[in-house]
Amino acid sequence: MSGRSARGAGRARPVTDPGRSAGSGTGAESGPGYPGGMPEPRTFRDEPVSFVRRSGRMSEAQERAFDELAPHYVLDVPRHVAWTSVHPDARLDPAAEYQRVAPLIVEVGSGQGHAIVAAASSRPADDFLAVEVFRAGLARTMLDADRAGARNLRLIEANAPEVLSSYLPERAASEVWIFFPDPWHKKRHTKRRLVRPGFGGTVGSAIRDGGLLRLATDWEDYALQMREVLDAEPEFERAFEGEWAERFDGRVMTAFERKGIAKGRDIRDLTYRRVARG
Ligand SMILES: C[S@@+](CC[C@H](N)C(=O)[O-])C[C@H]1O[C@@H](n2cnc3c(N)ncnc32)[C@H](O)[C@@H]1O
């Protein structure tokens, strides 16, 4: 099961629906604002998801991006319990999708797509996949990618752990990037962080032996958590010396980094290598 289409595109729909009704017991809440009336997820494998879909209407240009550009850029994945879910039986076939065999770089939480569009357009020999749940961000990514002529990029509107753990074939990715993930900095929310114990297994299945996991954050407390979690995961080993990794020079400055710097926060990079499978 894999494919591409602009399914669900073209209507002026809310990006999210803040007034949703009660949960269904599947870890999802009904969300009339979602394409196909699919529900909003609350949990995945009984753990809270790391995002809340932001409210707001898509602009005309963003709607047009979904109408006109999604057929090329957005992967049409079979859903499961919610619009952002991926059916556990669905698998990407990268060679068929990108029409070649090339290193695949996956960015989780690509936001407006600044980093991945810059990378895709400057590295035509590699293939790129942006994973994001924020529809307006996906629209912006498509518009910029189209303007830059980046044809080696695909987008998927889905919950990243589901993409990493089952939609991507084992070893499909050369690198996975996670830049400025939502920090969920309040104590009662830290359990929603993407990088939490067990994440090594989730992301590790998608990365080839020797491949890299690159992370960056401006939240010291989250940086410490990332390092503690990944140091302990058997799938990964440090690919840096000293306390933190050097700034990854393939990472362009985004609004999130700029904001962190303006607030006087240190930006922390981390790089881990996927250890060879036994
Ligand atoms: C703080 S923003 C950073 C965006 C971008 N990396 C940057 O540096 O500009 C984090 C992004 O991760 C996305 N996100 C959070 N959890 C996600 C998940 N489980 N699956 C896919 N995207 C997710 C959010 O929608 C948001 O756009």
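Computed from the coordinates by the stated procedures, all read-outs in this text should not be read as laboratory data. The structure presented is a predicted model; accordingly, all values stated were derived computationally and were not measured. Cβ: placed from backbone, ideal geometry, glycine included. Neighbour counts: every protein chain shown.
What the table shows:
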quantity	calculated
At 1.567 mPa s and 4 °C, Stokes D of region 218-270 from Kirkwood alpha-carbon radius, µm² per second	106 µm²/s
Taking the convex hull of Cα positions in region 94-274, its mean projected area over all directions (nm²)	10.1 nm²
Anchor Lys259: lysines whose Cα lies under 21 Å away (excluding residues fewer than 8 positions away in-chain)	Lys186
Where labels lie 7 Å past Cα in the beta-carbon direction, separation of Arg100 and Lys187 in nm	5.3 nm
Among 241-247, 149-155, the order from most to least packed when residues are scored by Cβ within 10 Å on average	149-155, 241-247
Exposure proxy order (Cβ contacts within 10 Å, fewest to most) of Glu97, Glu237	Glu237, Glu97
Förster radius 35 Å - calculated FRET efficiency between Ala125 and Thr43 (Cβ-Cβ, nearest 0.05)	0.35
Gain in span if fully extended, Arg258 to Arg57, counting 0.36 nm per residue against the direct Cα distance	69.8 nm
Note, ³J(HN,Hα) from phi for region 89-103, Karplus 6.51, -1.76, 1.60, rounded to Hz, x at Gly and Pro	8, 7, 9, 6, 10, x, 5, 6, 5, 9, 6, 5, 10, 8, x
Average projection area in nm² (convex hull over Cα atoms of region 42-158, one quarter of hull surface)	7.5 nm²
